[in-house]
1. Could you tell me whether Glu29 is closer than 23 Å to Arg210 by Cα, part of a helix (DSSP H, G or I), in the same structural domain as Pro120 (by TED's automatic domain parsing) and not hydrophobic (A, V, I, L, M, F, W, C)?
2. Given the options Leu93, Leu42, Leu36, Leu13, name the one that is within 23 Å of the chain's Cα centre (by Cα), loosely packed, with under 15 Cβ neighbours inside 10 Å and modelled with pLDDT of 95 or more.
3. In the stretch 155-190, what residues are under 13 Å from the mean Cα position of the chain (by Cα) and free of Cβ contacts under 8 Å to residues at least 24 places away in the same chain?
4. Please work out if Asp100 is among the charged types (D, E, K, R) and either more than 19 Å from the chain's Cα centre (by Cα) or crowded, with 21+ Cβ neighbours inside 10 Å (or both).
5. Examine the stretch 104-113 for a residue that is within 25 Å of Gln23 (Cα to Cα) and not in a loop (DSSP other than H, G, I, E, B), and state whether such a residue exists.
6. Residues Thr18, Thr5: which one is touching a residue at least 24 places away in the same chain (Cβ under 8 Å), closer than 23 Å to Leu206 by Cα and outside the structural domain of Pro136 (by TED's automatic domain parsing)?
7. Could you look through the stretch 148-164, keep only residues that are touching a helix residue (DSSP H, G or I) at 6+ places or on another chain (Cβ under 8 Å) and surrounded by fewer than 19 Cβ atoms within 10 Å (Cβ to Cβ), and pick out the one that is nearest to Val225 (Cα to Cα)?
8. Consider Leu167 carefully, then state whether it is modelled with pLDDT of 95 or more, closer than 22 Å to Asp79 by Cα and not in a helix (DSSP H, G or I).
Amino acid sequence: MPETTPGGRPWPLISVITPSFNQGRFIEETIRSVLLQGYPNLEYIIIDGGSTDKTLEIIRKYEKWISFWVSEPDEGQADAVNKGWEKANGPILGWLNSDDIYASGAFYAVAHAWLEASEPLMIYGDAYSTDITLSPYKKKTMKGYSLKAMLSGKRMPQPSVFISKKLFSELGPLNQSLYYSLDFEYFLRAWLKPNIEKYFYVPQVLAYSRRYADTKCQSGGSQRVEENFRILEMVWKRQLNAYHTYKEWRLAYASSLVLLAQRYFENGSLFKGVSLLGVAFRWSSLGVWNVVKALPRFFLKRGRGLVYKKRAKG
């Protein structure tokens with residue numbers, strides 16, 4: 001591809017960070033999905049936490065195309081991403097975990113959005129959830145996304161989100177005290193900002209995200225949801241102002257209760273689940289609607305979860 005756009009403008013530098021730890025069975029696909037984009041102005045950084053499997057062997061195989069990599073003990077995923085983004089030189093920052101992949105053409109779509117929207121603070125697109133073999137089973141469409149959607153329980157698909165270096169400077173680093181929901185907390189901080197008109201949606205799939213038993217989004221159960229409550233306490237109350245109302249905070253709390261109830265249903269604790277749904281009902285009228293919409297999913301998901309676990313073992 002040419003070093004400049006058809007209009008003669010240089011392609012913006014995109015800096016992608018991959019945090020890694022003992023993901024030797026997946027990381028080669030991750031690396032190749034970055035390098036095979038064929039994008040002419042790429043900075044690729046891998047921050048490994050001291051892997052002891054075949055991860056380092058695979059990284060060395062591709063190191064002449066990798067801008068920087070290091071393998072050393074760290075404080076976890078957030079620490080690794082923070083290190084990478086601090087080191088990055090590009091105005092556009094991406095974060096791809098070592099078991100996810102980018103869709104073909106993702107970087108050109110992001111670059112065109114960057115130029116078209118005059119350097120937006122955030123660029124985000126759609127994503128597919130896949131099983132362990134990268135077979136897609138669910139598309140997450142982000143058209144019309146908003147803070148209200150986030151607080152209603154629709155999370156941003158982290159690998160399909162790119163932020164500007166400027167937004168990273170404004171928000172600060174990822175919170176290293178979080179384990180399950182560090183991306184939710186970070187994006188919540190972003191959507192609480194008043195200048196969200198500088199966020200740009202790309203109407204195409206940018207990434208594929210694996211879902212299997214060992215991933216954070218599939219493990220943790222009630223602990224993961226309880227971490228969401230802690231996030232609401234840390235972020236929402238601290239930034240509550242005239243632009244964001246207490247009603248929205250109640251919605252977020254009710255939605256988190258619905259998610260926690262879902263975990264109890266999945267574990268067979270029907271009484272606890274129903275009790276939490278009742279509490280959510282009292283917290284928010286929209287939370288009530290979330291309950292009504294979610295009830296069929298609660299019971300269907302248990303069956304799908306059993307099938308999903310069988311796939312994951314394969």
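The values are calculated or read from the model by the stated rules, or taken from the named source; none is laboratory data. Quick caveat: nothing in here was measured; it's all calculated off a predicted structure. Don't worry about glycine lacking a Cβ; one is built from the backbone with ideal geometry, like all the others, and counts go over all protein chains shown.
1. yes
2. On the way: Leu93 fails: loosely packed, with under 15 Cβ neighbours inside 10 Å; Leu42 fails: loosely packed, with under 15 Cβ neighbours inside 10 Å; Leu13 fails: loosely packed, with under 15 Cβ neighbours inside 10 Å.
After applying the criteria, what remains is Leu36.
3. If the condition is that a residue be under 13 Å from the mean Cα position of the chain (by Cα) and free of Cβ contacts under 8 Å to residues at least 24 places away in the same chain, then Tyr186 is the only one that fits.
4. Here the answer is yes, as Asp100 does meet what is asked.
5. yes
6. On the way: Thr18 fails: outside the structural domain of Pro136 (by TED's automatic domain parsing).
Going through Thr18, Thr5 in turn, just one is touching a residue at least 24 places away in the same chain (Cβ under 8 Å), closer than 23 Å to Leu206 by Cα and outside the structural domain of Pro136 (by TED's automatic domain parsing): Thr5.
7. Arg155
8. Working: modelled with pLDDT of 95 or more: yes; closer than 22 Å to Asp79 by Cα: yes; not in a helix (DSSP H, G or I): no.
Answer is no for this residue.
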